[in-house]
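Worksheet: one structure, shown below.
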Amino acid sequence: MTKQAREAREIQRLEREQARPKGPAYLYYMLLIVSVVYIADEVASQIGMQMQSVVAQAIFAPVFGADMAVARMSALGTISMIGSFLALMYKPLSDRYGRKPFLVINTLGMGMGLIVISIATNIPVYLLGAFVIALFIPHDMQAVYILETTPPRHRAKIFSIIKAVATLGVMLIPLLRSTFMGDDITRWRMVFAVPAFVAAGAAVFALFMVRETDAFVVKRLEYLHMGIGEREAAQKEKTAERAQGCVLSAAKFCLRHRQLRWLLLGGGFLMWGMLITMYYEVTMNYGYAGQFLAGGLALEQAKAAAAPFVTQALFWFPIGSAALQLAQGFLADRWGRKSAVIAMGACAMVAFTLFFAGARQNWDPWLVGLLCGAAIGSHWATTDIAGPLMCAESVPTNLRSSVLSVQPIMSGICSALAMGTGMALINVLGDAQAGIISLAIALPGTLVGLVMIALKVRETKHVNLQTVTGREE
C-alpha cells in the first residue's frame, strides 16, 4: 500500500471518529477510567520507593550487606534508566498514531514490570522488572488525556483533583504491606503482584471505553490534509509549529523557544528535589530503627522491627501528598501557574526539613507520614506545574507529546550532576546517611529553580491548547 493510500485510509478513519457523537456522560466515565490508570501509574511509580528497604534486604543484602543494600540497589538501578532513554524515542509516536494505543500499552507495560519484580529472586531479574517499569512510566499519557479533553478554565483543577485521587490510591501499598507482609519482610511479593492486576484491568477498560482525544484528531487531520508542497515548505522553513511531531523537532523547538528553555533549566534545578522522593522510606526506616539499635539489636533485626512503624507512616503519606497535589490545581487556576510553583516549592522545602527531623526523633508515625507526603506531594506539584502543565500550554498540539517526552530528559540533564553526587555520597557513606544527603542537595536546587521560574518564565494561565502556536510573544 502506498503512502498516499495509507494516509487516505487514515483520513477516513479519523473523520469517522470525529463525526461520532459523544454522549453527555462520556467525559465523566472517561475521566474515571483515566483516574484508575493514573492510580496504577502512581502505585508503579511509588512502590519501588516505599518497598525500597524491604526489597534491598531480600535481594541485595545477601550480596552487598545490610548496611549498603539500598546504596548498591540505587547504583545498579541506574541501569534501568536505559528504559527511560528508550522512552524518549517511543513516546513521540503518540503524536503520529494517537494517544489511545499508548495509554493502553503503557498501562499494560507497568503491570508487566511489577509482575517481573514480584517473582524476582536475584539482582538481574529485579533489574529487568525495573527496566520495564522505567520504559513505560515516563509517558504519562493519562495526563495528556486530561490536558487535551478538559475545559481550559478548569484544566489545572481537574488535573489536580485526579492527581490527588491517584495519590490517595498509593495507600494501596501500605495496605498490602500490612495485609501480606506485616513484620515478616520475606512476604513482600504480593505487594507487587496485586497492583499488576489492577494495571491490567485498567488497560482493558481503556481499550474498550476510551476514545481518541479531539485535539489529536483535529491536528492530525490538519496535517494529513496538507499538500506535499506545503509539507515540504514547512519542513524547509523549519516551522516547528506546523511540522509533524518527532523527538528531533521537539528538542530543537525547546532549545529555540525562550519560554521552554527557562522552563527546562528551572525544572532541572527543581528536579534536584527528586532525591527526597527516592530515599524517604529509607530515612523512615533508619529513623525508627535507631531506637532498636540503641537497645542492642543487630541492624537486620532493628530494620525488621521498624517495618510496622514505617507501614503506619506510609498509610498517612498519601493523605499529605494528595492534599498538596489537590491544592496545586486551585492555586494554579486562581493565582496563576507561577505563583503555584513558588508556593508548592516553598512547602516542599519546609515539609521535608520537618519530616527529616521527625524521622530522626521518632515522632508519631502519623505525623511523620503526613509531613513526608506533604514534602513529596508539593515537590511533584511543583514539577507537574513547571513541567507538563506549563510546557503543554506553551507548545502546539502536534509537538505536545514530543515536547513532554523530551522535557524530563532535558531537565534531567540539568540535574544529573546533583543526582550523581547524591548517589555517590550514599554509596560512600552508607544507607543511614541517605536523609541528610537528600536534604543537603534538594533544598538549594529547589530554591535556584524557583528563582528562575519566578524571574524568567511568563504566565500560561487560560491558554487554549487547540489554538496555541508556540510562537514567542
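Net charge near Leu275: determine it from the other residues with C-beta under 15 Å of the C-beta of Leu275, scoring Lys and Arg +1 and Asp and Glu -1.
Every neighbour counted, the sum reads -2.
Counting only residues 5 or more places away or on other chains, whose amide H sits under 5 Å from the amide H of Arg211 once H atoms are built in the peptide plane?
Residues meeting the criterion, in which the H sits 1.01 Å from N, do not exist here.
Between Val350 and Gln18, what FRET efficiency comes out of the Förster formula 1/(1 + (r/R0)^6) with R0 = 60 Å and r the beta carbon distance, rounded to 0.05? Show your work: numbers first, answer last.
Values: r = 48 Å, r/R0 = 0.80.
With R0 = 60 Å, the Cβ-Cβ based efficiency is 0.80.
Under a plain spin-label model, where a point goes 7 Å from the Cα along Cα-to-Cβ, how far apart in nm are Met209 and Gln301?
Reported label-point gap for Met209 and Gln301 is 5.1 nm.
Using a simple spin-label model with points 7 Å from Cα along the Cα→Cβ vector, what separation in nm is obtained for Ala416 and Tyr97?
2.8 nm
Which residue, Ala332, Leu176, Tyr126, has the largest displacement toward the positive end of the dipole of the chain when charges sit on each Cβ (Lys, Arg +1; Asp, Glu -1)?
Going by the charge dipole, the pick is Ala332.
Under the 0.36 nm per residue contour assumption, what length would be gained going from the current alpha-carbon distance of Ala193 and Lys456 to full extension? List each step's numbers first, then the result.
Numbers: separation 263, 0.36 × 263 = 94.68 nm, distance 4.50 nm.
Result: 90.2 nm gained on full extension.
Quick one: Karplus J couplings for region 201-214, per residue in order, coefficients 6.51, -1.76, 1.60, θ = phi - 60°, nearest Hz, x for Gly and Pro?
x, 4, 5, 5, 4, 5, 4, 9, 10, 9, 9, 5, 6, 4
What dipole magnitude, in Debye to the nearest 20, does region 37-103 give about its Cα centre under +1 on Lys/Arg Cβ and -1 on Asp/Glu Cβ?
300 debye
Give the aspartates and glutamates reachable from Lys338 as a straight Cα distance under 16 Å; neighbours fewer than 8 places away on the same chain don't count.
Correct list for Lys338: Asp384, Glu393, Glu459.
What does the charge count near Ser178 come to, summing +1 for each Lys or Arg and -1 for each Asp or Glu among other residues with Cβ under 14 Å from its Cβ?
0
Using the beta-carbon distance between Leu224 and Arg334 and R0 = 30 Å, what value does 1/(1 + (r/R0)^6) give for FRET efficiency, to the nearest 0.05?
Once rounded, the FRET efficiency stands at 0.15.
Which peptide among 132-138, 300-306 comes first, and what is the full order, when sorted by highest mean count of other Cβ atoms within 10 Å?
Highest mean packing first, the order is 132-138, 300-306.
Rounded, prolate or oblate: which one fits region 1-129, using the alpha carbon gyration tensor with axes a ≥ b ≥ c (rounded when a/c is under 1.5, else prolate when a/b beats b/c, else oblate)?
Taking the square roots of the gyration eigenvalues as a ≥ b ≥ c, region 1-129 is prolate.
Given only helices, namely DSSP H runs of n ≥ 4 each adding -39500 (n - 2.57), what is the per-residue ellipticity at 222 nm of the chain, to the nearest 500 deg cm²/dmol?
That comes out to -24500 deg cm²/dmol.
Could you give log10 I(q)/I(0) at q = 0.13, 0.15, 0.17 Å⁻¹ for region 59-185, computed by the Debye formula over C-alpha point scatterers of equal weight, without solvent?
Treating every Cα as an identical point scatterer, log10 I(q)/I(0) equals -0.72, -0.90, -1.07.
Say the cut-off is 29 Å between C-alpha atoms; which of Lys163/Lys461; Lys252/Lys456; Lys3/Lys252; Lys219/Lys461; Lys22/Lys456; Lys157/Lys252 go over it?
Result: Lys22/Lys456; Lys157/Lys252 exceed 29 Å.
Coordinate-derived values only; no laboratory data. The model shown is predicted, which means the values in this text are computed figures rather than measured ones. In this analysis, Cβ positions are derived from the backbone assuming ideal geometry, glycine residues included, and neighbour counts consider all displayed protein chains.
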